[in-house]
Amino acid sequence: MEIKKNWHAKHLESLSFGSRIADSVAKGMGSWSFIIIQTVLVILWMALNLIGFMYHWDVYPFILLNLLFSTQAAYAAPIIMMSQNRQNERDRMHAEEDYKTNIDAKKEIEALSVMLKNIEVEKLDKIIQMIKELDNSSSK
């Protein structure tokens, strides 16, 4: 028995290794835990560089920290855009599957409507036949 895969399973199978990594990176960078961890690290970085009396590896105005942020942004932006492009593709596939489902449902509803109409007509024919039989038996 073959199990039919839904649009989500088909899409996940089509992803390459790089696509999966990009989605994971975008998911991670778009989370509160990333923002909180990064904020703690930045505060720690700045505090250690401001307080340190002997050795400052990145003195104010924190040029190395700015370079790290620029590098992070330079890599993060295209990775997030790749993930968004895949999200658009997923949404398109989902919309197509919804459309197909709606078409199938419409056909089933139309078929049920025809069946109900036929049942109604058959019932009315039987009622008319019963009335005629009653009229014939009562007139005799």
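What follows draws every value from the coordinates through simple rules; no lab data is involved. In this text the structure is predicted, and so the values were computed from the model without any measurement. Cβ placement follows ideal geometry from the backbone for every residue including glycine, while neighbour counts extend to all protein chains displayed.
Values as computed for the structure displayed
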| quantity | calculated |
| --- | --- |
| Formal net charge of residues neighbouring ILE103 (Cβ-Cβ distance under 14 Å; K, R +1; D, E -1) | -3 |
| Cut-off 12 Å between beta-carbons: net charge of the residues surrounding ASP23, Lys and Arg +1, Asp and Glu -1 | +3 |
| log₁₀ of I(q)/I(0) at q = 0.18 Å⁻¹ - the chain, Debye sum with one point per alpha carbon | -1.09 |
| Highest-MSF residue in the chain out of GLN38, GLN129, GLN87 [GNM, Cα springs under 10 Å] | GLN129 |
| Selected from GLY28, GLY52, GLY18 as most flexible by GNM, with the chain as the system and alpha-carbon contacts under 10 Å | GLY52 |
| Neighbour net charge for ILE127 - beta-carbon separation under 13 angstrom, K R +1, D E -1 | -2 |
| Degrees, to the nearest 10: 63-139 long Cα axis against longest axis of the chain | 10 |
| Gain on full stretching of the segment that runs from ALA9 to LEU67 - 0.36 nm per residue minus C-alpha separation | 16.9 nm |
| For the range 7-107: relative contact order, % (alpha-carbon pairs under 8 angstrom, 6 or more apart) | 42 |
| Angle in degrees between helix 17-29 and the longest Cα principal axis of the chain, rounded to the nearest 10 | 70 |
